[in-house]
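Inspection log for the structure reproduced underneath, given as structure tokens.
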Amino acid sequence: MTDSTDLLDIDSLLSTEELALRDRVRTFVDTEIKPHIARWYDTAYFPLEIVPQMAGLGLLGMHLEGYGCPGRSAVEYGLAALELEAGDSGLRTFVSVQGSLAMSAIHKHGSEEQKNEWLPRMAAGTAIGCFGLTEPTAGSDPGNMLTYARRDGDDWVINGSKRWIGLASVAQVAVIWTMTDDGVRGFVVPTDTPGFKATPIVQKLSMRASIQCDVELTDVRLPGSAVLPKAKGLRGPFECLNEARYGIIWGAMGAARDSYEAALGYARERLQFDKPLAGYQLTQEKLVNMALEINKGTLLALQIGRLKDAGRLQKHQISAGKLNNCREAIAICREARTILGGNGITLDYSPLRHANNLESVRTYEGTDEVHLLILGQHITGIPAFR
């Protein structure tokens, strides 16, 4: 956090190594993302050219061990996610899809052959992965997915469709989840396999510097070795989703912090009625409320990160962090925009871009409603999903 944001000396809770990594990622964001992000967002451009730099910083599969992966702590990964999302949610999402979803699926559930084939290349950024779970008619309820894999001799043949699949049109490998006669299974699918087609979704109002796709799978034939051997049932993809949800807990606070800082800087310089906006009580109330929620959200993320590193993190705690921090971050970004007045609707300033992005972040990896129900079940002991 920066001096203007850190009301509680949260930096004192971080180790020298954690602070150094955070500062390296912050410098990368300040020099390689922030100067260009308005243009990338405006033109709906995802900058593949910065992927090697991300790999060089150890951001791809950051929390995974072995197979060329960086093997950093959960807190270090969280700090990196926070700094990346201070640049843009779309760029943090790339790291999440690559590492927390596609790489995690192979790392957690794959065979040694699958791990050795894909993980070193993905960590190095020479191969990009995607994660195909959501479908046009199955978002929050993936148990009703229609994509189906049937056995044909020693092979598998997949038919179906997926939607909102990040990076699919630029990926070399896809982790695809399907129904089978034995329930939900995952498959490692090279994207050059005949019958695999990814089409970017255009005319988005959110996550414009990012890629999301419709994926069609038409008689995609795979060898038996393509199945993820350790993933059976919905627990397989859900374990990967929890990794992505964890990163969002931190990332949302990065978008909030950047919006707050933009509003604070503007309020100090913008004169109205012969004094800066920052000199008015109403503006100071807005800034204080934003800073308080950023501090609380960052402390929440840090506690969840410490629990994760200690091996004690529970599912409902991830939901608490994702629900709270996304909800508060989008409110902060919207409030920051009000301080900017009409200028705040332009891409000269970051808050409305962040707010638009957070509309997606708040929805993916579990809507507010899903996380409310997870927490409700934990509190009451009664599942209320149906």
Ordered by packing density, taken as the mean number of other Cβ atoms within 10 Å over each peptide's residues, highest first, how do 29-36, 278-285, 54-61, 213-220 rank?
54-61, 213-220, 29-36, 278-285
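Magnitude of the Cβ-charge dipole of the chain, K/R +1 and D/E -1, about the Cα centre, nearest 20 debye? Walk me through the intermediate numbers first.
Details: 40 positive and 46 negative charges, 115 e Å.
Magnitude of the dipole: close to 560 debye.
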Name the lysines eligible as straight-distance cross-link partners of residue 232: C-alpha to C-alpha under 21 Å, and not fewer than 8 places from it in the same chain.
108, 115, 162, 315
Take the alpha-carbon positions of segment 187-287, form their convex hull, and give its projected area averaged over all directions (one quarter of the hull surface) in nm².
10.8 nm²
Any lysines whose Cα falls less than 21 Å from that of residue 286, other than same-chain ones fewer than 8 residues away, would be 275, 296
Would you please give the residues with an amide H less than 5 Å from that of residue 174, counting only those at least 5 places away or on a separate chain, with H modeled from the backbone geometry?
130, 189, 191
Taking the Cα centre of the chain as the origin and placing charges on Cβ (Lys, Arg +1; Asp, Glu -1), which of 25, 234, 43 is farthest toward the positive end of the dipole?
234
Using 7 Å Cα-to-Cβ label points, what is the residue 111/residue 137 separation (nm, one decimal)?
3.4 nm
Point-charge dipole on Cβ atoms (K/R +1, D/E -1) for segment 102-141, about Cα centre, debye to 20
180 debye
More than 23 Å apart: what percent of Cα pairs in segment 1-104 qualify?
27 percent
Take residue 219 and residue 272, extend 7 Å from each Cα along the Cα→Cβ direction, and tell me the distance between the two endpoints in nm.
6.4 nm
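In nm², what is the average projected area of the convex hull enclosing the Cα atoms of segment 40-177? Numbers along the way, then the final one.
On the way: hull surface 37.8 nm².
The orientation-averaged projected area of the Cα hull of segment 40-177 comes to 9.4 nm².
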Between residue 372 and residue 309, take the C-beta separation as r, use R0 = 30 Å, and let me know the FRET efficiency to the nearest 0.05.
0.65
Expressed as a percent, the accessible surface of segment 222-331 that is carbon or sulfur, using a 1.4 Å probe and the full set of protein chains, is 52 percent
Given segment 101-205 reduced to its alpha-carbon atoms as identical point scatterers, what log10 I(q)/I(0) does the Debye formula return at q = 0.16 Å⁻¹?
-0.73
Considering the dipole of segment 173-232 built from charges on the beta carbon (Lys and Arg +1, Asp and Glu -1) around the Cα centre, which of 223, 207, 176 is farthest to its positive end?
207
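Given 4 °C and 1.567 mPa s, compute D for segment 227-372 with the Stokes-Einstein relation, Rh being the Kirkwood radius over Cα pairs; round to the nearest whole µm²/s. Could the numbers behind the result be given before it?
On the way: Rh = 16.4 Å.
So the translational diffusion coefficient is about 79 µm²/s.
Tell me the per residue accessible area of the chain using a 1.4 Å probe; a whole number in Å² is fine. Write out the running numbers ahead of the final one.
Working: 16260 Å² over 386 residues.
Spelled out: the 1.4 Å probe surface of the chain, per residue, equals 42 Å².
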Sticking with the crude label model, points 7 Å out along Cα→Cβ, report the distance from residue 203 to residue 155 in nm, one decimal please.
3.7 nm
What does the charge dipole of segment 13-148 about its Cα centre add up to, to the nearest 20 debye, if the Cβ of each Lys and Arg holds +1 and the Cβ of each Asp and Glu holds -1?
100 debye
Positive end of the charge dipole of the chain (Lys, Arg +1 and Asp, Glu -1 on Cβ, about the Cα centre): tell me which of 74, 377, 360 has its Cα farthest that way.
377
Run through all the Cα pairs of the chain and give the fraction in each 20 Å bin from 0, expressed as whole percent.
29, 57, 13, 1
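The values are calculated or read from the model by the stated rules, or taken from the named source; none is laboratory data. If you're wondering where the values come from, they're calculated on a predicted model, not measured in any experiment. Here Cβ is always computed from backbone atoms with ideal geometry, including for glycine, and neighbour counts include all displayed protein chains. For the accessible areas, the whole protein counts, side chains as well, though only heavy atoms, and no ligand, DNA or RNA atoms are used. Shrake-Rupley method; radii C 1.70, N 1.55, O 1.52, S 1.80 Å.
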